[in-house]
Amino acid sequence: MSHYNRVALIGLGLIASSMAHAIRANGLADEIVGHARSTETRATALEIGLVDRVFETAAEAVQGADLVVLCVPVGAMEAIAREIAPHLAPGTTVTDVGSVKQAVVEAVAPHLPAHAQFIPGHPLAGTEHSGPRSGFATLFVNRWWLITPLEGNDPAAVTRLKDFLTGLGANVDEMDVTRHDLVLAVVSHTPHLIAYTMVGVADHLRRVTHEEVIKYSASGFRDFTRIAASDPTMWRDVFLTNKEATLDILGRFTEELFMLQRAIRMGDGEKLFDYFTQTRAIRRGIIEAGQDTAAPDFGRSPTTTDPAKK
Ligand code: NAP
């Protein structure tokens, strides 16, 4: 299993704190150091033993590290890259966890010295929680971690990083940057936008229906609200930086929606039935791939979901 002497986590939120727990649990580094912009986050990280040392600046945090992981929102990556560039030791691997790859490559790669290896990455794992207390060691277990190696990357550095990510429990795959952004627009970015919209629509209705939307939310809407509770900064940055792919998928989504709308208007039950049969098969595929549970209602216990039954 791959091992680094010192891992520097820049940004100490959900992803970084989960990495810190998983690195410790699996013995993947001698030392973990970190930086976050606020005094509060830095103090919390020390208090809960997330990192061995914290630094006020990213520049100080990366000194002497052989692995640097950028765990800040996508929109903050460029400023961090500029700041750390002069302080990276020869041979240091720099990776990131940003949800968008093309924009991160454009923001980071030009600023880093040739003697560092920038290997972009993205864990397909997360929750709707944020901050240094939200992480847990098993977040990445059996989840995909996509890396998008760049031309000129040292194959040995790529292999070492892949081994390290595997050590965190992830399944690692390589992907081209553009392909990554399109695939993520389909499986993550557009679904989030739809969830945000659906919750927004319900919020308008709530004013009409006097809280019934909240009261009876168990039937599907609740799952939209979990997604729509995701971090606003992160998701603003995703849509600002994965604009083309998201607009492409949204266009296709709107066409499908209009088609279904027409089927409903025309009473075309056959079309609706066929469509829903096809989508059900996709759900089965996800379960077979081990990416979700087959248990009814995502494995929730009725006592925790239905206050009336408590
Ligand atoms: P998070 O919990 O909100 O933490 C973000 C961290 O970045 C905080 O420590 C924050 O510091 C720091 N930060 C924010 N803006 C900064 C700035 N301008 N300069 C320096 N530091 C800054 O976020 P997260 O969920 O871990 O997400 C981090 C990255 O992971 C993002 O790029 C996101 O796209 C990616 N990602 C997230 C998920 C997910 O589901 N959450 C999944 C995969 C990938 P303070 O606490 O001091 O404000």
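The values are calculated or read from the model by the stated rules, or taken from the named source; none is laboratory data. Being a predicted model, the structure only gives us computed values, none of them experimental. Methodologically, a virtual Cβ is constructed for each residue, glycine included, from the backbone with ideal geometry; neighbour enumeration extends over all protein chains shown. Ligands, DNA and RNA are excluded from the accessible area calculation, which covers all protein heavy atoms including side chains. Shrake-Rupley method; radii C 1.70, N 1.55, O 1.52, S 1.80 Å.
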For this session: Specify whether the C-alpha gyration tensor of the stretch 114-171 places it in the rounded, prolate or oblate class, a ≥ b ≥ c being the square roots of the eigenvalues: rounded for a/c under 1.5, otherwise prolate if a/b is larger than b/c and oblate if not.
Result: prolate
Exercise. Is the stretch 212-266 best put as rounded, prolate or oblate by its Cα gyration tensor, with a ≥ b ≥ c the root eigenvalues, rounded for a/c under 1.5, and otherwise prolate when a/b is larger than b/c, oblate when not?
Worked result: oblate
Exercise. Which one of Leu205, Leu146, Gly169 has its Cα pushed farthest toward the positive end of the charge dipole of the chain, where Lys and Arg give +1 and Asp and Glu give -1 at the Cβ?
Worked result: Leu205
For this session: Provide the packing ranking of 180-190, 226-236, 129-139, i.e. peptides ordered by the mean count of other C-beta atoms within 10 Å per residue, highest first.
Result: 180-190, 129-139, 226-236
Seminar exercise, completed: In vacuo Debye sum over C-alpha of the stretch 179-290, base-10 log of normalised intensity I(q)/I(0) at q = 0.18, 0.22 Å⁻¹, listed in q order, is -1.20, -1.33
For this session: Classify the stretch 4-175 as rounded, prolate or oblate from the Cα gyration tensor: take a ≥ b ≥ c as the square roots of its eigenvalues, call it rounded if a/c is under 1.5, otherwise prolate when a/b beats b/c and oblate if not.
Result: rounded
Exercise. Add -39500 (n - 2.57) for each DSSP H run of 4 or more in the chain, then divide by its residues: what number comes out at 222 nm, to the nearest 500 deg cm²/dmol?
Worked result: -15000 deg cm²/dmol
Seminar exercise, completed: Largest-first semi-axes in Å of the equivalent ellipsoid built from the Cα gyration tensor of the chain are 38, 22, 19
Exercise. Once Rh is set to the Kirkwood radius over Cα pairs, what Stokes-Einstein translational diffusion coefficient, in µm²/s, holds for the stretch 58-133 at a temperature of 4 °C and a viscosity of 1.567 mPa s?
Worked result: 102
Exercise. Excluding same-chain residues fewer than 8 positions from Lys243, which aspartates and glutamates have a Cα within less than 16 Å of its Cα?
Worked result: Glu106, Asp181
Exercise. Ranked highest first by average number of other Cβ atoms within 10 Å, how do 49-55, 105-111 line up?
Worked result: 49-55, 105-111
For this session: Under 14 Å Cα to Cα from Lys162, which aspartates and glutamates show up? Leave out anything in the same chain fewer than 8 places away.
Result: Asp96, Asp154, Asp173, Glu174
Problem set entry | Net charge over other residues, Cβ less than 14 angstrom from the Cβ of Val62 (K, R count +1; D, E count -1) | -3
For this session: Report relative contact order for the chain in percent, whole number only (criteria: Cα-Cα under 8 Å, sequence separation at least 6).
Result: 16
Problem set entry | Pairwise centroid distance, computed over Cα atoms, of the stretch 82-118 with the stretch 251-281, Å | 44
Problem set entry | Share of carbon and sulfur in the accessible heavy-atom surface of the stretch 179-290 [1.4 Å probe, %] | 62
For this session: Using a 1.4 angstrom probe, figure out how much accessible area the chain has per residue, in square angstrom, rounded to the nearest whole.
Result: 53
